[in-house]
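Data block below; observations after.
The values are calculated or read from the model by the stated rules, or taken from the named source; none is laboratory data. Because the structure is a prediction, the values reported are computed rather than measured. Glycine also receives a Cβ, built like all others from the backbone with ideal geometry; neighbour counts cover every protein chain displayed.
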Amino acid sequence: MDDLSLGTRNKRGDWAPTAPLEVAPFWQRPLSLRKVLAWVPGYFWPWNLFHMATALAWWAWVVPDQQTLKTLSWGWALYLYAVNAAAIFLFYGGIELFWYVVRKQGNRFKYNAKFPGEQPSDVFWFKSQNLDNFLRSFLVSIPLWTLVEVLFLWVFANGYVPWLSWQAHWPWLIALTLLAPALHEVHFFCIHWLIHQGVLYKYVHSVHHNSVNPSPWSSLSMHPVEAFLYHAVALWHLVLPSNPLLALFQLHLAGFGAVNGHIGFDRLELTEDMPLTTHAYAHYLHHKYFEVNYGGDGLIPLDRWFGTWHDGTKAGDARMEARFQRKKAKLNG
Ligand SMILES: [Zn+2]
Ligand SMILES: [Zn+2]
């Protein structure tokens, strides 16, 4: 597929989409019913359905029975870690392998022309972004993902919070399922904005931002504080009346879904004529410019409401520059 029909490439070889990023259509004015209807399939397919499918699979085949979950033990906790780690190894590793190692698509639709493997840097463990990001994912973030999982399963199993059944509460549980991606976006925006402030950025979040040119392994390359806060989104299901399957779905939206912002390609060509939209550009711009796009891709447009939205256009650049200038002027008194 010709990527220049949908975008432009600069002298450095970096590709950018021509169409500006848009927030979800129900936030746009004038409201267009046609646009809202056209948006619905993409809300489900493929990413959110994929996260739901993995949550269902874990629930059916991985999560131990309620009796086992009642007692905390290393046995089932380590088993959950092993399955989560193996799944991420296959899922993220598969994208790395085909798009970053074999480079089946070359740099068609790739925002940054360079591949991280070609750029050794002192900021990374062993000077390698890939190795650094990989080790942080498996030694830090996936253990903390699993810790959150163990916590909510144990709390539900012991009846410390209500465990709503699907038979009795299906309308609410379906509504909560549909809202889970929005909850993810609000939670992520809040903790992400927080760790961009002062010492939290310096000691915590800068670890993630070392990857200016992210690849799939960058997704979960986090400081432990960030990794816990990020996955803790699932703990909202202990506060809202919910069900452990939905908490698991919420957790998978975070853990597996982290890859979306870090794929580095606008479309993954599964085959030449079957491109899969990645929704990666908003978060790519965040890695490029730092203080824009703290949230996701505009399902709940908090960035627009707080003035930090960058839609990828020249006008977006100008708005960002003006904001940085105002901030500088304020700091200089
Ligand atoms: Zn990121
Ligand atoms: Zn950030």
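Structure values in brief
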| quantity | calculated |
| --- | --- |
| Yes/no for ALA234 being assigned to a helix (DSSP H, G or I), surrounded by 23 or more Cβ atoms within 10 Å (Cβ to Cβ) and within 16 Å of ligand 2 (Cβ to nearest atom) | no |
| Only one of LEU299, LEU229 that is at pLDDT 95 or above, assigned to a helix (DSSP H, G or I) and either within 16 Å of ligand 1 (Cβ to nearest atom) or among the hydrophobic types (A, V, I, L, M, F, W, C) (or both) | LEU229 |
| Of all residues in region 266-292 being in contact with a Pro (Cβ under 9 Å, 6 or more places away or on another chain) and aromatic (Phe, Trp, Tyr), the one that is nearest to ligand 1 (Cβ to nearest atom) | TYR284 |
| Test: residue in region 297-306 that is buried (at least 20 other Cβ atoms within 10 Å of the Cβ), touching a Cys at 6+ places or on another chain (Cβ under 9 Å) and in contact (Cβ under 8 Å) with a residue 24 or more places away in the chain | yes |
| Single match in ALA57, ALA19 (criterion: in contact (Cβ under 8 Å) with a residue 12 or more places away in the chain and among the small types (Gly, Ala, Ser)) | ALA19 |
| Test for LEU240: is it within 16 Å of ligand 2 (Cβ to nearest atom), out of contact with any Phe, Trp or Tyr (no Cβ under 6 Å at 6 or more places or on another chain) and at pLDDT 95 or above | no |
| Qualifying position, being within 21 Å of LEU238 (Cβ to Cβ) and in contact with a helix residue (DSSP H, G or I) (Cβ under 8 Å, 6 or more places away or on another chain), among LEU164, LEU131, LEU135 | LEU164 |
| Members of region 25-43 found to be assigned to a loop (DSSP other than H, G, I, E, B) and of a type in the set (Ser, Thr, Tyr), listed by number | SER32 |
| Check on VAL292, within 26 Å of VAL199 (Cα to Cα) and in a helix (DSSP H, G or I) | no |
| In region 259-274, residue modelled with the lowest pLDDT [restricted to those that are among the hydrophobic types (A, V, I, L, M, F, W, C) and over 14 Å from SER215 (Cβ atoms)] | MET274 |
| Residue check for HIS205: assigned to a helix (DSSP H, G or I), under 19 Å from ALA282 (Cα atoms) and within 16 Å of ligand 1 (Cβ to nearest atom) | yes |
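Here is a yes/no grid of residues against (1) among the hydroxyl-bearing types (Ser, Thr, Tyr); (2) surrounded by 18 or more Cβ atoms within 10 Å (Cβ to Cβ); (3) closer than 20 Å to PHE124 by Cα:
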residue: TRP163; (1), (2), (3): no, no, no
residue: HIS169; (1), (2), (3): no, no, no
residue: HIS184; (1), (2), (3): no, yes, no
residue: HIS187; (1), (2), (3): no, yes, no
residue: HIS192; (1), (2), (3): no, yes, no
residue: GLN197; (1), (2), (3): no, no, no
residue: LYS202; (1), (2), (3): no, no, yes
residue: SER206; (1), (2), (3): yes, no, yes
residue: HIS209; (1), (2), (3): no, no, yes
